[in-house]
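Written out below as structure tokens is the structure these notes cover.
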Amino acid sequence: KLTEEQIFSKLVNLEQLTFEVTDACNLNCKYCGYGSLYSTHEKRENIFMDFEMAKKIIDYLYNIWSVHPGITSPRKIIFGFYGGEPLLNIKFIKTIVDFVCNLNHAGVVNVSYSMTTNAVLLDKYIDYLAANRFHILVSLDGNEENNSYRIYQKNGRNSFWKIVENLD
């Protein structure tokens, strides 16, 4: 059983806060845990996370961090973005990054950003992600044949060459 003190200590020393920015995806991977092969998940409804909810969480944590010292000094936190495909909600991501930068102007926290992406939209946002020093985890299943289960939502074509082009 967790105590209130243990929970508070975990919040004070939180190392990563990850937002599922959307459950929407531009791919329809056959093996996806949210795909048609599985029935133990909530239905995807193309929901996009609301900034106001995220703001409340970040404000709450910053209030704790500004008063209570953490284990590490300087305090480090990774803001992570996950989905579906998080780049489908780039507006939310940019709003969070701007908000954190403004909130953290006193340097209360050493901030970094991470994202897990299928890389299909990477070419559109790579300059922004690089400028903000995002750590990027790309999901890719090997060669073109191995990747054949990772198909586009709209046309059913293999996404391999677009991902390779974007990574290059």
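The values are calculated or read from the model by the stated rules, or taken from the named source; none is laboratory data. Since the model is a prediction, treat every value here as computed from it, not as a measurement. Positions of Cβ are generated from backbone atoms using ideal geometry, with glycine treated the same way; all protein chains shown enter the neighbour counts. What goes into the accessible areas is simple: the full protein's heavy atoms, side chains included, and nothing from ligands, DNA or RNA. Shrake-Rupley method; radii C 1.70, N 1.55, O 1.52, S 1.80 Å.
At a glance:
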{"read-out": "All positions within segment 121-140 that are open to solvent by less than 30 Å² (accessible area, probe 1.4 Å) and of a type in the set (Phe, Trp, Tyr)", "value": "PHE134"}
{"read-out": "Test: residue in segment 32-49 that is surrounded by fewer than 14 Cβ atoms within 10 Å (Cβ to Cβ) and at pLDDT 95 or above", "value": "no"}
{"read-out": "Close pairs (8 angstrom Cβ cut-off, 6 or more residues apart or separate chains): closer than 13 Å to GLY83 by Cβ in segment 39-57, of a type in the set (A, V, I, L, M) anywhere", "value": "ARG44/ALA24; ASN46/ALA24; ILE47/ALA24; PHE48/VAL21; PHE48/ALA24; PHE48/LEU88; MET49/VAL21"}
{"read-out": "Residue in segment 106-120 that is surrounded by the fewest Cβ atoms within 10 Å (Cβ to Cβ), counting only those that are aliphatic (A, V, I, L, M) and part of a strand (DSSP E or B)", "value": "VAL111"}
{"read-out": "Test: residue in segment 77-88 that is touching a residue at least 40 places away in the same chain (Cβ under 8 Å), within 12 Å of the chain's Cα centre (by Cα) and in a helix (DSSP H, G or I)", "value": "yes"}
{"read-out": "Selection status of ILE64, out of contact with any strand residue (DSSP E or B) (no Cβ under 6 Å at 6 or more places or on another chain), modelled with pLDDT of 95 or more, part of a helix (DSSP H, G or I) and not small (Gly, Ala, Ser)", "value": "no"}
{"read-out": "Residue match in segment 161-168 (condition: open to solvent by less than 50 Å² (accessible area, probe 1.4 Å), closer than 15 Å to PHE19 by Cβ and polar (S, T, N, Q))", "value": "no"}
{"read-out": "Residue in segment 63-76 that is under 29 Å from CYS32 (Cα atoms) and surrounded by 14 or more Cβ atoms within 10 Å (Cβ to Cβ) present", "value": "no"}
